[in-house]
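Notes for the one structure printed next.
The values are calculated or read from the model by the stated rules, or taken from the named source; none is laboratory data. Note that the structure is predicted; figures quoted are calculated from it, not measured. Cβ coordinates were reconstructed from backbone atoms using ideal geometry, including for glycine residues, and neighbour counts include every protein chain displayed.
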Amino acid sequence: MLRTAEITAELTGEGLRGEQSHRLYWRGTLEVALDCFVCERIGRTTVFERGAERALCSGSRSGFKRHHTAARIAAFDTTDGRERLAVRALVDFWWAPFTDTRDGHKAAAPTSHPWVRLHLGYYCQDAKESGTNSIQTNAMRPNDLKCGHCDRVIAVDAQTPAVRLLV
Ligand SMILES: [Zn+2]
Ligand SMILES: [Zn+2]
């Protein structure tokens with residue numbers, strides 16, 4: 001059956017604005033741990049690209065290799081406010097019941113508290129170079145996101161990304 005999950009995340013901090021701003025933005029790439037009905041493994045890292053009509057399951061070390069799966073980003077809305085950079089994404093994915101071929105766990109839709117990683121891009125005016133960063137659910141918070149070129153704090157990651165199953 002087709003399921004839809006909502007993923008929301010937010011960054012704050014004075015570094016988002018002002019002269020030293022690094023023009024931080026959300027890249028249209030998401031990684032979500034989903035139970036995969038194709039390789040029948042639970043908690044597979046699934047890579048979503050905005051605009052793509054399918055996603056990529058990372059498979060498992062033994063057996064199934066990376067493969068395309070029936071999942072996509074259905075909506076991707078960002079809010080670029082004062083001292084706040086937020087994103088709300090809707091991901092559609094196909095879910096079917098199965099029992100994990102390896103450890104016997106039953107598939108859930110979605111996995112309770114699935115792991116999520118969101119990707120960011122920025123531009124450093126000092127170095128005149130772009131850079132990337134990411135945030136994920138299983139991280140220490142609050143955490144300063146720093147520029148890889150000038151080491152300034154770009155934003156503060158104080159809130160764990162939220163995942164909610166809509167249908
Ligand atoms: Zn798979
Ligand atoms: Zn910088």
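Points to keep in mind about this one:
- Among residues of region 29-78 being crowded, with 16+ Cβ neighbours inside 10 Å and among the acidic types (Asp, Glu), the one that is nearest to ligand 2 (Cβ to nearest atom) is GLU31.
- Residue that is nearest to HIS105 (Cα to Cα) [pool: residues in region 19-41 that are touching a His at 6+ places or on another chain (Cβ under 7 Å) and at pLDDT 95 or above]: THR29
- When THR137, THR132 are checked against the criterion of being polar (S, T, N, Q), within 16 Å of ligand 2 (Cβ to nearest atom) and within 23 Å of CYS57 (Cβ to Cβ), a single residue qualifies: THR132.
- Of the residues making up region 58-76, one or more are within 22 Å of CYS39 (Cβ to Cβ), in contact with a Leu (Cβ under 8 Å, 6 or more places away or on another chain) and free of Cβ contacts under 8 Å to residues at least 24 places away in the same chain.
- Region 140-158, subset of a type in the set (Lys, Arg) and assigned to a loop (DSSP other than H, G, I, E, B), residue farthest from ligand 2 (Cβ to nearest atom): ARG141
- Considered as a group, the residues in region 127-145 that are of a type in the set (D, E, K, R) and closer than 21 Å to GLU83 by Cα include one that is nearest to ligand 1 (Cβ to nearest atom), and that residue is ARG141.
- Of the residues making up region 19-33, not a single one is near ligand 1 (Cβ under 10 Å from one of its atoms) and under 20 Å from the mean Cα position of the chain (by Cα).
- Residue check for CYS124: away from ligand 1 (no atom under 16 Å from the Cβ), surrounded by 17 or more Cβ atoms within 10 Å (Cβ to Cβ) and either over 23 Å from GLU83 (Cβ atoms) or at pLDDT 95 or above (or both): yes
- Test: residue in region 103-118 that is more than 23 Å from GLU40 (Cα to Cα), outside any loop (DSSP other than H, G, I, E, B) and away from ligand 1 (no atom under 16 Å from the Cβ): yes
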